[in-house]
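Single-structure report; data block below.
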Amino acid sequence: MEQTGNPSQVLNFLRLPVKIDYKVIETYLQKKLKGEYISKTDKDGKVSNYAEIQSIALEKSYKDGYDIAVQVKFKTLTTIFKNKEGVIEFYAALELDKAEQQLGVIDFTLNGTSNNWLFNNAIESIANTFMHDKIKNKMQFDLRPEIEKKLPSINEKMEHPMEVSNGIYISGNLRSFLVENIQFMESHMLIFVDFEGGIGLDIKKLDF
């Protein structure tokens, strides 16, 4: 039987769940979208601003067929509907592209609400184009850079055996990874990542 005393020289796999709170994504969208205008460009290229985004909120969607719900609060800018407040609710279905390691929007729907029926009809039509161009595109997440940032610190810790349970230690070196699956939980997303590397368990105590 072939023997090796160094687990980092034997390739194997380790699946780890990576937790990302919806608040983290919400903060990201706030930075990208707060202060943006809900606008429309006519055939001559003239841009008309209809509303300004005031805030963004994000949570798990309870609408069938959609994973997350994004609430966009806005203030109107037009002459007829000046300084009125309203809300656009954006429901998105997300899908993981394993080949590209990207998470993106594959489908969405929206509802617009304010205190004015006429404005609701107008803003929903304009917001549909805006949401497609702005929010849908900004919700394309490349997962590789974020996970790659974590690898050096994980490997630094794994250079020395870490006790993961009473008397059980893990050590080794992670070399590559693949995002395998994503689950949408109540307050966060769970991203399941398969790491490849030399990983070993050292059992120093058995307690049954």
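Looking at the structure I just gave you, is I170 in contact with a strand residue (DSSP E or B) (Cβ under 7 Å, 6 or more places away or on another chain) and either touching a residue at least 40 places away in the same chain (Cβ under 8 Å) or among the acidic types (D, E) (or both)?
Values: in contact with a strand residue (DSSP E or B) (Cβ under 7 Å, 6 or more places away or on another chain): yes; either touching a residue at least 40 places away in the same chain (Cβ under 8 Å) or among the acidic types (D, E) (or both): no.
So I170 fails the test.
For the condition more than 30 Å from S176 (Cβ to Cβ) and at pLDDT 90 or above, what is the one hit in A93, A69, A51? Even if it seems obvious, please write down each step before you answer.
On the way: A93 fails: more than 30 Å from S176 (Cβ to Cβ); A51 fails: at pLDDT 90 or above.
Of A93, A69, A51, the one residue that is more than 30 Å from S176 (Cβ to Cβ) and at pLDDT 90 or above is A69.
If I filter region 56-67 down to residues being out of contact with any helix residue (DSSP H, G or I) (no Cβ under 7 Å at 6 or more places or on another chain) and not charged (D, E, K, R), which single residue comes out as most open to solvent (accessible area, probe 1.4 Å)?
Applying the filter and picking the extreme gives Y62.
Output yes when any residue across region 38-46 is at pLDDT 80 or above and within 15 Å of the chain's Cα centre (by Cα), and no when none is.
Checking region 38-46: not a single residue is at pLDDT 80 or above and within 15 Å of the chain's Cα centre (by Cα).
Just give me the residues in region 182-200 being surrounded by fewer than 17 Cβ atoms within 10 Å (Cβ to Cβ), among the aromatic types (F, W, Y) and under 28 Å from I168 (Cα atoms), in sequence order.
The one that is surrounded by fewer than 17 Cβ atoms within 10 Å (Cβ to Cβ), among the aromatic types (F, W, Y) and under 28 Å from I168 (Cα atoms): F192.
Which is under 23 Å from F90 (Cβ atoms) and either among the aromatic types (F, W, Y) or modelled with pLDDT of 65 or more (or both), of I147, I170, I135?
Values: I147 fails: under 23 Å from F90 (Cβ atoms); I170 fails: under 23 Å from F90 (Cβ atoms).
It is I135.
Quick one: which of D64, D42 is farther than 30 Å from E146 by Cα and not hydroxyl-bearing (S, T, Y)?
Details: D64 fails: farther than 30 Å from E146 by Cα.
The unique qualifying residue is D42.
Inside region 49-64, can you point out the residues that are touching a residue at least 12 places away in the same chain (Cβ under 8 Å) and more than 14 Å from V87 (Cβ to Cβ)? Even if it seems obvious, please write down each step before you answer.
Initial filter on region 49-64 (touching a residue at least 12 places away in the same chain (Cβ under 8 Å)): 49-61, 63.
N49, Y50, K60, S61, K63 - these are the residues of region 49-64 that are touching a residue at least 12 places away in the same chain (Cβ under 8 Å) and more than 14 Å from V87 (Cβ to Cβ).
Out of the residues in region 17-40 that are of a type in the set (V, I, T) and within 19 Å of F108 (Cα to Cα), which is surrounded by the most Cβ atoms within 10 Å (Cβ to Cβ)? I'd like the intermediate steps shown before the answer.
Let us first name the residues in region 17-40 that are of a type in the set (V, I, T), namely 18, 20, 24-25, 27, 38.
Retained after the next criterion (residues that are within 19 Å of F108 (Cα to Cα)): 25, 38.
Details: I25: 18, I38: 25.
In this case the residue turns out to be I38.
On the given criteria, is K43 basic (K, R), open to solvent by 70 Å² or more (accessible area, probe 1.4 Å) and in a strand (DSSP E or B)?
Values: basic (K, R): yes; open to solvent by 70 Å² or more (accessible area, probe 1.4 Å): yes; in a strand (DSSP E or B): no.
Criteria not met by K43.
Looking only at residues in region 72-90 that are of a type in the set (K, R) and surrounded by fewer than 17 Cβ atoms within 10 Å (Cβ to Cβ), which one is modelled with the lowest pLDDT? Spell out how you get there, then give the answer.
Filtering region 72-90 down to residues of a type in the set (K, R) leaves 73, 75, 82, 84.
Narrowing further to those that are surrounded by fewer than 17 Cβ atoms within 10 Å (Cβ to Cβ): 73, 75, 82.
Details: K73: 88, K75: 84, K82: 70.
Step by step, filter region 72-90, then rank; the result is K82.
Condition check: hydroxyl-bearing (S, T, Y), under 22 Å from L143 (Cβ atoms) and touching a residue at least 12 places away in the same chain (Cβ under 8 Å). Does S176 satisfy that? Show your work before the answer.
Numbers: hydroxyl-bearing (S, T, Y): yes; under 22 Å from L143 (Cβ atoms): yes; touching a residue at least 12 places away in the same chain (Cβ under 8 Å): yes.
For S176, the condition - hydroxyl-bearing (S, T, Y), under 22 Å from L143 (Cβ atoms) and touching a residue at least 12 places away in the same chain (Cβ under 8 Å) - is met.
The values are calculated or read from the model by the stated rules, or taken from the named source; none is laboratory data. Just so we're clear, the structure is a prediction, and the values are computed from it rather than from any experiment. As a convention, Cβ positions derive from the backbone with ideal geometry for all residues, glycine included, and neighbour counts pool all protein chains shown. Quick note on the areas: whole protein, heavy atoms, side chains included, nothing else; ligands and nucleic acids left out. Shrake-Rupley method; radii C 1.70, N 1.55, O 1.52, S 1.80 Å.
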